[in-house]
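Step one of this worksheet: look at the structure below.
The values are calculated or read from the model by the stated rules, or taken from the named source; none is laboratory data. Note that the structure is a prediction, hence the values are computed from the model and not measured. Positions of Cβ are generated from backbone atoms using ideal geometry, with glycine treated the same way; all protein chains shown enter the neighbour counts.
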Amino acid sequence: MATKHILIVPGDGIGQEVTAVGKKVLDKIAARFGHTFTYDEALVGHAAIEATGNPLPDETLTKMRASDAILFGAVGHPKYDNDPSAKVRPEQGLLKMRKELGLYANLRPIKLFDELLDASSIKPEILKGADILFFRELTGDIYFGDKGRKNNGDTAFDIAEYSRFEVERIARKAFEAARTRRKKLCSVDKANVIETSRLWREVIQKIAPEYPDIEVEHQFVDATAMLLIKDPRRFDVVVTANLFGDILTDEASQIAGSMGMLASASIGDGTGVYEPIHGSAHDITGKGVANPLASILSAALLLDISFGMKAESDAVIHAVDQVLKAGFRTRDIANAQTPADMIKGTDAIGEEVLNRI
Ligand code: IPM
Ligand code: MG
């Protein structure tokens, strides 16, 4: 029995709806396993800009540092997408949080529930059994380097930078994870062109001998984009830089059937943050149709990684699996064969999961 303090940060758009369901799942786990979870809530993104003018208010950061784990929703608002000149943007809140909390490792497990084999646009015989764990570096690269304009604004630049230290600490996390899995590590870079990638590869090669039980391969990012679709089962653990990881994990989400199924964990020096990889999805916000399973699975990662509660985490994953086995679907993972009465909204599918915990 443990006492833990969890910060709920729903953010924008469907973040509000799905995180509410994720929180109910945590509550149910606490009741079932005799833990005490206390909660607080904080603002981020567009919601925080509206209230305070700042996408990551100091109050939010203070609450984040004081909590044992953070369940995060999504940030973003369509009004900024077509306004490249906006100086204050919801995404800045997310990036600042990653930097301030030292969340340098972003884990994105890509695993297909068997029941969803036909929800993907990739052929089932290519997909069946695919199980990949991405380690995306999250606090360096072109995301955080100097950026700006020159030549009276007619030329723009973004600097990509990595230090040996930054590459080594994420690489070690990935090597260690490979040890607990199928013992294969694929490091993805663009070392034929990019200098930070050459340093990346050098560091991986240097520490690889310390993990003789792990089979290491290096792939270029363009080839990886192709191989993920051609033969996803060839991958076990993949480690890559921030921008490559951002792009490849959206692509890989199709291996799991839908973005609506994918959870992620951001860990490092401070409090861990657990969030769906999908965004704020303003096109479906407020309609009650968003898929909460990624938030629920993020709660499962939170229990496992931040609290070391493996049995509790497994109970959540098992409940999700049972709900899918029973035939329940949200709109994004339904297909033409799904009976209309099995297509559930956000809260209704959440209830089905709660009933099975
Ligand atoms: C992600 C998102 C973010 C990123 C955006 C919202 C800034 O796409 O978490 O993958 O690019 O890292
Ligand atoms: Mg992304």
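Kindly evaluate Thr19 against the criterion of being exposed (fewer than 15 other Cβ atoms within 10 Å of the Cβ) and either farther than 20 Å from Leu303 by Cα or among the hydroxyl-bearing types (Ser, Thr, Tyr) (or both).
no
So Glu251 clears everything in (1) more than 16 Å from ligand 1 (Cβ to nearest atom); (2) more than 21 Å from Phe72 (Cα to Cα) except one condition, right? Which one?
If we test Glu251 against (1) more than 16 Å from ligand 1 (Cβ to nearest atom); (2) more than 21 Å from Phe72 (Cα to Cα), just (1) comes out false.
Quick check: is even one residue across region 147-167 more than 16 Å from ligand 2 (Cβ to nearest atom), under 18 Å from Ile267 (Cβ atoms) and assigned to a loop (DSSP other than H, G, I, E, B)?
No: region 147-167 contains no residue that is more than 16 Å from ligand 2 (Cβ to nearest atom), under 18 Å from Ile267 (Cβ atoms) and assigned to a loop (DSSP other than H, G, I, E, B).
Keeping to region 61-86, report how many residues are more than 16 Å from ligand 1 (Cβ to nearest atom) and in contact with an Asp or Glu (Cβ under 9 Å, 6 or more places away or on another chain).
Residues in region 61-86 being more than 16 Å from ligand 1 (Cβ to nearest atom) and in contact with an Asp or Glu (Cβ under 9 Å, 6 or more places away or on another chain): 6 in total.
So, in region 323-350, exactly how many residues are within 23 Å of the chain's Cα centre (by Cα) and either in a helix (DSSP H, G or I) or more than 18 Å from Asp114 (Cα to Cα) (or both)?
The number of residues fulfilling the criteria is 10.
So is Lys128 closer than 23 Å to Arg233 by Cβ, more than 19 Å from the chain's Cα centre (by Cα) and at pLDDT 95 or above or not?
For Lys128, the condition - closer than 23 Å to Arg233 by Cβ, more than 19 Å from the chain's Cα centre (by Cα) and at pLDDT 95 or above - is not met.
Scan region 44-63 for residues that are hydrophobic (A, V, I, L, M, F, W, C) and crowded, with 23+ Cβ neighbours inside 10 Å and jot them down.
Val44, Ala47, Ala48, Ile49, Leu56
Of all residues in region 73-93 being among the small types (Gly, Ala, Ser) and modelled with pLDDT of 90 or more, which is surrounded by the fewest Cβ atoms within 10 Å (Cβ to Cβ)?
Gly76
Please return the ranges of strands (runs of 3 or more DSSP E) entirely within region 195-287 where 1 or more residues are of a type in the set (S, T, N, Q), closer than 26 Å to Glu161 by Cα and within 15 Å of ligand 2 (Cβ to nearest atom).
It comes to 237-240, 263-267.
Residues in region 212-256 that are within 24 Å of Ile267 (Cα to Cα), touching a residue at least 40 places away in the same chain (Cβ under 8 Å) and β-branched (Val, Ile, Thr): how many?
So the answer is 6.
Considering each of Ala315, Ala290 in turn, give the residue that is out of contact with any strand residue (DSSP E or B) (no Cβ under 8 Å at 6 or more places or on another chain), surrounded by fewer than 23 Cβ atoms within 10 Å (Cβ to Cβ), in the same structural domain as Met342 (by TED's automatic domain parsing) and touching a residue at least 40 places away in the same chain (Cβ under 8 Å).
Ala315 is the lone residue from the list that is out of contact with any strand residue (DSSP E or B) (no Cβ under 8 Å at 6 or more places or on another chain), surrounded by fewer than 23 Cβ atoms within 10 Å (Cβ to Cβ), in the same structural domain as Met342 (by TED's automatic domain parsing) and touching a residue at least 40 places away in the same chain (Cβ under 8 Å).
Check Lys173 against each of (1) within 16 Å of ligand 2 (Cβ to nearest atom); (2) buried (at least 16 other Cβ atoms within 10 Å of the Cβ); (3) charged (D, E, K, R) and name the one condition it does not meet.
Lys173 satisfies all of (1) within 16 Å of ligand 2 (Cβ to nearest atom); (2) buried (at least 16 other Cβ atoms within 10 Å of the Cβ); (3) charged (D, E, K, R) except (1).
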